[in-house]
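S.K.: What follows is a structure written as structure tokens; I'll ask about it next.
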Amino acid sequence: MSNKNRIYWVYWIVLTVGMTGYLIMQLTGEDKTVYLPGKTSHGHYQIEMACSACHTDPLGGGEVLQDACMGCHGEELERADDSHPKSKFTNPRNADRVAKLDARKCITCHTEHREEITLEMGVSLPNDFCFKCHEDVAENRPSHVGMEFNTCASAGCHNFHDNRGLYEDFLAKHLDEPAYLKKASVKPLSAGKAYELINSYPVAAYPIKSLTINDADTPADVRNDPKVMQDWLASSHSKAGVNCTACHMQSSAETKEKIWKEKPGYQVCESCHESQVKGFLASRHGMRLAQDLSAMTPGQARLDMKKNAHDRELSCTSCHGSHQFDKKHAAVDGCLACHDDKHSNQYKQSKHFTLWHKEVTGQAEANTGVSCATCHLPRKQSRHENGTFVSSEHNQNDNLRPNEKMLRSVCMQCHGLEFSIDSLADRKLIEKNFSSKPDVHIKSLDLVRQRKDLKKDIEGM
């Protein structure tokens, strides 16, 4: 072998070893960008570095991905009144439809890393895909004659998985409601005894009683910090008997002894606020933590965020404060400290904020104001063996997929159906934070009204 060939082989070996080492480093580190086959969708981009979240078996195929999808979204689909459940497609009578569109698998409609074909809601099929199963819809629905199949998923029409806000019977029931309901308020959150019984509050360790600064079981340097002490004394924690060590004393990973931790993680909050933390970890705010990645920062978001907040790591205390745990602050100012989009920036000029300001200043009854949290962390009611519990859904994007999900949980507590659904379909109005009446009208309501009138005419013959 000539010297020239030897040099080429040395270069080749060095390059191969170097590239192999680089790829191994990328695989074992958090930044795995080099392995991404394409841009990730808006719903998953935050966890794109956690490849194993979806690809649990590198050699697995569609079934592995299906299990991963259901691992994150299965509970949500169970809660939904799904008009296209898996059972519909496993029914032998629908074998011809499965051959056209195998909707038993999530990846049939949601193929990741394909930005060039990905539409809203992460759908990667052409937006007329309903045609594959419903090409004869106009034969049974004369009102649909001439309608294009790319309009099926338009605002106010049909949602593939959950049509609870759009079923014909539901629309008919709420037709002709006034834009503003006489009684407008949201469900009050459970507190006190209800919280203790239903949310597994550790009352034995922390009896519910108001604590004073002399009760604070904290190191001397913290006790001498007036800001920390004042915030804690004003918080619901001190009033409920939750002392400093309840959050700050944790077991050492090495010695298992209790040690003081200056900045506890979200796991501490979970011991008393399990449902809230569960929602947070499922949300865009906390989904990175759920995959053991570093905390989300506003700078990583694809939405417009305030520049001075770009490096802030999101956790429970990002919104609630380290010691204040002020729900009123979290409900508005906690959001506006980061979000810098048009919708957020218009909030304080909206009628919703006027109502909120009146509530927090004592000029109006409790639960009549409309904060950011009122709409994006809506009240959810759950039943337990000890009673019914009302809490805030901390998955702030849960009712935005699609936004018609807000109809039942939020809008219709204060507004009639037609006003609500038209408003949610008006993108410009959303940007203006609902500062005026909607300029968009949903035709679905007119179709239901026509069918209802036709039915009356037939019955009257």
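The values are calculated or read from the model by the stated rules, or taken from the named source; none is laboratory data. As the structure is a prediction and not an experimental result, all values here were calculated from the model. Neighbour counts run over all protein chains shown; Cβ positions are idealised from the backbone, glycine included.
S.K.: What are the pairs with Cβ atoms under 8 angstrom where one residue, in the stretch 86-97, is closer than 19 Å to His73 by Cα and the other, located anywhere, is part of a helix (DSSP H, G or I) and not hydrophobic (A, V, I, L, M, F, W, C)? Sequence gap at least six, or different chains.
M.R.: Pairs that qualify, where the first residue is closer than 19 Å to His73 by Cα and the partner is part of a helix (DSSP H, G or I) and not hydrophobic (A, V, I, L, M, F, W, C), are Lys88/Asn94; Phe89/Arg97.
S.K.: Out of Val448, Val440, report the one residue that is among the hydrophobic types (A, V, I, L, M, F, W, C), outside any helix (DSSP H, G or I) and over 16 Å from Lys351 (Cα atoms).
M.R.: Val440
S.K.: Out of the residues in the stretch 392-410 that are part of a loop (DSSP other than H, G, I, E, B) and surrounded by 16 or more Cβ atoms within 10 Å (Cβ to Cβ), state the one that is modelled with the lowest pLDDT.
M.R.: Taking the candidates together, the pick is Arg401.
S.K.: Right, here's the next one. Give the stretch 23-40 a look and list any residue that's in contact with a Phe, Trp or Tyr (Cβ under 9 Å, 6 or more places away or on another chain) and modelled with pLDDT of 75 or more, or say none.
M.R.: Val34, Lys39
S.K.: Just give me the residues in the stretch 265-289 being without any contact (Cβ under 8 Å) to a residue 60 or more places away in the chain and among the aromatic types (Phe, Trp, Tyr), in sequence order.
M.R.: Selection gives Tyr266 alone.
S.K.: Provide a single number: the residues in the stretch 95-137 that are farther than 24 Å from Gly61 by Cα, over 28 Å from the mean Cα position of the chain (by Cα) and part of a helix (DSSP H, G or I).
M.R.: 5
S.K.: Let me ask another. Among the residues of the stretch 360-387, what is the count of those that are in contact (Cβ under 8 Å) with a residue 60 or more places away in the chain and surrounded by fewer than 18 Cβ atoms within 10 Å (Cβ to Cβ)?
M.R.: So the count comes out to 9.
S.K.: I need the full set of residues from the stretch 245-264 which are touching a residue at least 24 places away in the same chain (Cβ under 8 Å) and in contact with a strand residue (DSSP E or B) (Cβ under 9 Å, 6 or more places away or on another chain), in order please.
M.R.: Those that are touching a residue at least 24 places away in the same chain (Cβ under 8 Å) and in contact with a strand residue (DSSP E or B) (Cβ under 9 Å, 6 or more places away or on another chain): Thr245, His248, Trp260.
S.K.: When the residues of the stretch 223-255 are filtered to those that are part of a helix (DSSP H, G or I) and among the hydrophobic types (A, V, I, L, M, F, W, C), which remaining residue is farthest from the chain's Cα centre (by Cα)?
M.R.: Met229
S.K.: Taking the stretch 41-61 as the search range and keeping residues that are of a type in the set (Gly, Ala, Ser) and out of contact with any helix residue (DSSP H, G or I) (no Cβ under 6 Å at 6 or more places or on another chain), which one is modelled with the highest pLDDT?
M.R.: Of everything passing the filter in the stretch 41-61, Ala50 is modelled with the highest pLDDT.
S.K.: Just one of Met296, Met287 is more than 24 Å from Arg379 (Cα to Cα), surrounded by 20 or more Cβ atoms within 10 Å (Cβ to Cβ) and assigned by TED's automatic domain parsing to the domain that holds Phe389; which is it?
M.R.: Going through Met296, Met287 in turn, just one is more than 24 Å from Arg379 (Cα to Cα), surrounded by 20 or more Cβ atoms within 10 Å (Cβ to Cβ) and assigned by TED's automatic domain parsing to the domain that holds Phe389: Met296.
S.K.: If you don't mind, another one. All but one of (1) in contact with a strand residue (DSSP E or B) (Cβ under 6 Å, 6 or more places away or on another chain); (2) not in a strand (DSSP E or B) hold for Phe389; state the number of the condition that does not hold.
M.R.: Tallying (1) in contact with a strand residue (DSSP E or B) (Cβ under 6 Å, 6 or more places away or on another chain); (2) not in a strand (DSSP E or B), Phe389 fails exactly one: (2).
S.K.: Report, ordered by the first and then the second residue, all pairs with beta carbons closer than 9 Å, sequence separation of six or more or different chains, a first member in the stretch 53-68 that is touching a residue at least 24 places away in the same chain (Cβ under 8 Å), and a second member that is of a type in the set (Ser, Thr, Tyr) and in a loop (DSSP other than H, G, I, E, B).
M.R.: Short answer, once both residue conditions are applied: Leu65/Thr56.
S.K.: Shifting gears a bit: Just to check your reading of the model, which residue among Gly299, Gly286, Gly241 is in contact with a Phe, Trp or Tyr (Cβ under 6 Å, 6 or more places away or on another chain) and modelled with pLDDT of 95 or more?
M.R.: Gly286
S.K.: A further question on this structure: Please go through the stretch 290-334 and give me each residue that is hydroxyl-bearing (Ser, Thr, Tyr), farther than 30 Å from Thr354 by Cβ and either without any contact (Cβ under 8 Å) to a residue 40 or more places away in the chain or not in a loop (DSSP other than H, G, I, E, B) (or both), ordered by number.
M.R.: Within the stretch 290-334, Thr297 is the sole residue that qualifies.
S.K.: A follow-up question, please. Can you pull out the residues in the stretch 140-194 that are aliphatic (A, V, I, L, M) and either farther than 17 Å from Asp128 by Cβ or touching a Leu at 6+ places or on another chain (Cβ under 6 Å) (or both)?
M.R.: Passing the criteria: Leu166, Leu171, Ala172, Leu175, Ala179, Leu181, Ala184, Val186, Leu189, Ala191, Ala194.
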